[in-house]
Structure formats: C-alpha cells, structure tokens
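Participant: Structure below; questions to follow.
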Amino acid sequence: DKAEKFSDFCIGINDEEASKKLGIRSGGLSYWIACIRECFEEVGILLATKENGQELDLNGSEKYKFDNYRKMLLNNEINLFDICQKEGLILNLTNIEPFSHWITPEIEIKRFDTRFFIAYLPAKQKEEHDGDTTIHHNYYDNTTNSSRVSEVEHTYRSNVECWIVSNAGVLIECPSMQ
C-alpha cells in the first residue's frame, strides 16, 4: 500500500492532504490506499473507477472477474497495484474520510493503532463479507439523502471489536451521511 507506487492511480487527495487530515508528517495517502484494499478484501467493495471515469459494475458483467481478483488478493497471489495496472483502474479517494482513531490500552498484550474510515458505497457494487474477517453486515438507509451505510461485524477477538460497535453506534445516530 505504499503511496509512491500508487500516486498515478489515485484521484481526490494527495499524500500531503491525507497526512494533514491524519495529523502526521507524511505517508497519509497509504492509509487511504489500505482502506480501499481492505474494503475490497473484506467486503467486496472496490472504491475505484476505470481510467475513462466509468464506474465499475461489480454486480453485472465484471462481477466474475473481480470476484476472482478478490480471491487472488486474499490468497496473496496478486496485489492491488497489479489489479489497477491490469484493469486500468483509478482509486477514487474523493469520498473517503477518516472517522476515528483508536489505540489499545497499554495493559493489552497485543496492541493496535487503528484508524477507521467512512466512505460512500458505489452504486453498482454490493457488499459481500469474506466469511473470515467480516461475517455479517447490516444496512442503514439514511432517508434524507438515500446514502447507504453498512455496519460490518468483525471476528476480531480484542478491543478492536468494541471499537467497531462504538463506531457503528455513532453512525446510526447521524441525521445525515453528508
């Protein structure tokens, strides 16, 4: 997920802007790229467009091909950069925003410094949990603007699990997803 490799495949934000949003000196763009990769691996959503700006249709004609890429990605047989090159994809970072940042307490044996992001879901894609990291999801339609929020239940067995539930609770209370 190194930003230098991906900079020509991204629109919407650059490393300087991403780093500023996260309050770090540099490397912020890598978090957005990791967010896109994780969404594709865990939920089957690929926040990208074709080079010509056309939306991906992962519900229709491109479903089989991208399902195969997802399986290959999960099995470490391909990486996101190679998929972008082969398919002429541009990662769309425009509608992704940092949502929360959690660090496990020092008393925990296994420590995490985890950032959560929120994003609009593409119209021609459907969430499909991977059955490993994500095992269940619920939809929350916001009637004010018809945006969909997907709450995803993770199988983590640490404090990360409660962070996800806490984040979902905050989202449900939002009057608008704008």
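Participant: Rounded to whole Hz and in sequence order, give me ³J(HN,Hα) for the range 58-74 from the Karplus expression 6.51 cos²θ - 1.76 cosθ + 1.60, θ = phi - 60°, writing x for Gly and Pro.
Facilitator: With coefficients 6.51, -1.76 and 1.60, one gets 7, 9, x, 5, 9, 4, 4, 4, 6, 4, 5, 4, 4, 4, 5, 5, 5 Hz.
Participant: So for the pair K126, T114, with labels modelled 7 Å out along Cα→Cβ, what separation do we get in nm?
Facilitator: Inter-label distance under the simple model: 2.8 nm.
Participant: Let me ask another. Using DSSP to call loops (not H, G, I, E or B), can you name the trypsin sites (Lys or Arg not before Pro) in the range 1-65 whose Cβ has at most 15 other Cβ atoms within 10 angstrom?
Facilitator: Those that pass, being in a loop and sparsely packed, are K2, R25.
Participant: Shifting gears a bit: Please go through the residue pairs K71/K110; K5/K71; K21/K86; K21/K71 and name each one whose alpha carbons sit more than 24 Å apart in this structure. Don't skip to the end; give the middle numbers.
Facilitator: Details: K71/K110 28 Å; K5/K71 22 Å; K21/K86 31 Å; K21/K71 32 Å.
Flagged as over cut-off: K71/K110; K21/K86; K21/K71.
Participant: Given the Cα atoms of the range 35-91, and with Rh set as the inverse mean 1/r over their pairs in the Kirkwood sense, what is Rg to Rh to two decimals?
Facilitator: Expressed as Rg/Rh, it is 0.92.
Bear in mind that the values in this text are calculations on the coordinates, not laboratory data. Since we're looking at a predicted model, the values are computed, not measured. Note that each Cβ is placed from the backbone with ideal geometry, even for glycine, and that neighbours are counted across all protein chains shown.
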